[in-house]
Every structure is written in C-alpha cells, then in structure tokens.
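**Student:** The structure follows.
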Amino acid sequence: MFAASVEIVSLSSGWGNYSGLSLGVCAAAFATWGIMSLISRNFAMLHEREEQEQRAIMEERTRMARDLHDILGHSLTVITIKAELANRLLDVDIERARNELDDLERLSRDALADVRSAVEGFRGISLPVEIARAREALRAAGIEDEVPSSTDMVPTRLRELFAWTIREGVTNVVRHSGATHCRITVDEKSASVVDDGQGAGSTSSGNGLIGLRERAGASGARVIITHPQPQGFALQVVEQETE
C-alpha cells in the first residue's frame with residue numbers, strides 16, 4: 001500500500017513537471033510573438049514617419065518653387081517694362097529716364113528682399129502694397145488702371161490670398177493681354193482683376209494660376225476665370241460659403 005502511494009505521487013510529480021514545461025514553452029512563444037509584433041510595429045511607424053518627412057520636404061519644395069515663380073514672375077515683368085520705358089526716354093526726356101532707372105534699382109532691391117523672405121519661409125504679403133505695385137506696373141505698361149482706394153473691408157483671413165490674386169492677375173495683364181484698361185476690385189468675399197485685352201493671353205494651365213488655385217483651396221475659396229464680352233479676361237477669387 002505504501003509502495004503504491006509512492007508510485008502515484010511519483011507519477012503525479014512527473015506530470016506536474018511536464019505541465020510546467022509546456023506552460024513555459026507557451027509563455028516563451030507568446031513573449032517572442034509579442035516582441036516580434038512590437039518590432040514590426042516600430043518598423044512600420046518608422047517607415048510611416050520617413051514617408052511623412054519625405055512628403056513634408058516635397059510640399060516645402062513645391063511651396064518654395066511656387067512662391068519664387070510668383071514673386072520673380074511679377075517683379076521681373078515690371079523691371080523689364082521699366083527698362084524698356086527708360087531706354088525709350090533716354091533720347092526724349094532724360095530726367096524722367098533717370099527716375100525710371102531709380103525705380104528699377106528700387107524694384108530690384110524689393111525683388112531680392114522678397115526672394116530672401118520666401119527662402120526663409122516668410123510668405124506673407126501685404127494687400128495694400130500689392131495694389132500699389134499693381135498701379136505702378138500698369139502705368140509703366142501704359143495701361144489705364146482702376147484700383148480700390150481702401151482695403152479695410154477685406155477680412156484678415158483673406159487679405160494674403162487676395163494680395164496673391166492681384167499679383168498674379170496684374171502680371172498676366174501686363175505680360176499677355178495687350179489691354180488698355182484694367183480694373184481691380186476687392187470686397188468682403190472676393191477679389192478680381194479684369195482687363196479689356198485680347199482675352200486669350202492667360203490660360204488655366206499656367207503655373208501662376210495653378211499656384212493660385214492651391215492657395216485658394218487652402219483658404220476655402222475658388223478661382224473663377226471668365227472672358228467678358230466683347231473681349232477681355234477676368235480673374236476672380238471668391239470665398240466659398242460654408243454650410
């Protein structure tokens with residue numbers, strides 16, 4: 001009887017050892033699976049972070065290229081027109097030619113400052129300043145201007161967008177339109193540049209208009225292009241109504 005009891009205890013003890021070993025193997029496998037899952041998640045997070053960083057770099061490059069295009073496109077257009085005017089005036093009105101050359105120097109310095117600001121990431125531009133520059137560019141090109149005397153009604157959230165609108169619109173008028181008159185308007189919801197030129201010089205596929213559409217979309221606005229009759233080109237940016 002005693003011997004049987006010892007044998008039973010021995011068998012029970014052996015069964016307990018096997019059970020413990022099985023539990024240990026299961027625990028080790030579960031721990032290994034957990035570690036591998038953690039490593040896999042960390043790799044996935046690292047990959048996602050790298051992709052986000054690459055996207056951020058590409059977006060910043062696109063933003064800088066767009067800003068430099070808009071800034072230099074406008075500034076160099078005005079500088080070219082001023083230089084042509086100064087050259088014509090040299091044999092007619094030397095004093096006015098000197099004034100135009102002084103303006104050229106100032107415009108060149110302004111363009112350089114704008115480029116530096118864009119490279120440093122400061123993209124803000126002033127709506128009143130852009131209207132003043134527009135008036136100067138139009139007059140230098142011999143285009144009659146009609147511009148607003150005040151921008152106080154334009155809300156803060158739209159002032160930078162409207163400034164870009166005027167810059168892009170006037171650049172296209174001076175470069176392509178062959179217009180004799182250009183009207184700029186701004187109000188609480190919209191900004192527009194309308195000329196009486198050929199009406200086909202500006203296209204919806206230009207880099208400047210593509211950049212303007214991106215800015216408008218980011219600000220909850222849209223770009224509208226029309227061709228007034230009998231001729232002309234109208235660029236308008238309108239804030240969309242929110243539901």
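The values are calculated or read from the model by the stated rules, or taken from the named source; none is laboratory data. Here the structure is a predicted model, which means the values were calculated and not measured. Virtual Cβ from ideal backbone geometry, glycine too; neighbours counted across all protein chains shown. Surface areas here come from the heavy atoms of the whole protein model, side chains and all, with no ligands, DNA or RNA. Shrake-Rupley method; radii C 1.70, N 1.55, O 1.52, S 1.80 Å.
**Student:** Could you count how many residues in segment 219-240 are in contact (Cβ under 8 Å) with a residue 60 or more places away in the chain and among the hydrophobic types (A, V, I, L, M, F, W, C)?
**Tutor:** Of the residues in that region, 4 qualify.
**Student:** Exactly one of these conditions fails for Ala137: (1) touching a residue at least 60 places away in the same chain (Cβ under 8 Å); (2) surrounded by fewer than 17 Cβ atoms within 10 Å (Cβ to Cβ). Give me its number.
**Tutor:** Among (1) touching a residue at least 60 places away in the same chain (Cβ under 8 Å); (2) surrounded by fewer than 17 Cβ atoms within 10 Å (Cβ to Cβ), Ala137 violates only (2).
**Student:** Right, something else. Going by what's in this entry, would Ser37 be described as modelled with pLDDT under 70, surrounded by 10 or more Cβ atoms within 10 Å (Cβ to Cβ) and of a type in the set (Ser, Thr, Tyr)? Step through it out loud before you land on a result.
**Tutor:** Values: modelled with pLDDT under 70: no; surrounded by 10 or more Cβ atoms within 10 Å (Cβ to Cβ): yes; of a type in the set (Ser, Thr, Tyr): yes.
No, not satisfied.
**Student:** What residue, among those in segment 195-222 that are open to solvent by less than 30 Å² (accessible area, probe 1.4 Å) and farther than 17 Å from His74 by Cβ, is modelled with the highest pLDDT?
**Tutor:** Ala221
**Student:** With the structure loaded, tell me whether Arg183 is open to solvent by 20 Å² or more (accessible area, probe 1.4 Å), modelled with pLDDT of 90 or more, more than 17 Å from Thr77 (Cα to Cα) and more than 15 Å from the chain's Cα centre (by Cα) or whether it fails that test.
**Tutor:** Criteria met by Arg183.
**Student:** Continuing with the same structure: Could you check how many residues of segment 95-136 are part of a helix (DSSP H, G or I), among the basic types (Lys, Arg) and modelled with pLDDT under 80?
**Tutor:** Start the filter on segment 95-136 by keeping residues that are part of a helix (DSSP H, G or I), which leaves 95-120, 127-136.
Then drop every residue that is not among the basic types (Lys, Arg), which leaves 96, 98, 106, 109, 116, 133, 135.
When the remaining residues are screened for being modelled with pLDDT under 80, the result is 116.
The qualifying residues number 1.
**Student:** Give the residues of segment 81-118 that are open to solvent by less than 70 Å² (accessible area, probe 1.4 Å), closer than 20 Å to Val174 by Cβ and of a type in the set (S, T, N, Q), sorted by residue number.
**Tutor:** Ser108
**Student:** Now a separate question. Six or more apart or on different chains, Cβ atoms under 6 Å: show the pairs whose first residue is in segment 63-84 and at pLDDT below 85 and whose second is outside any helix (DSSP H, G or I) and of a type outside the set (Val, Ile, Thr).
**Tutor:** Listed pairs, sorted by first residue: Asp67/Arg123.
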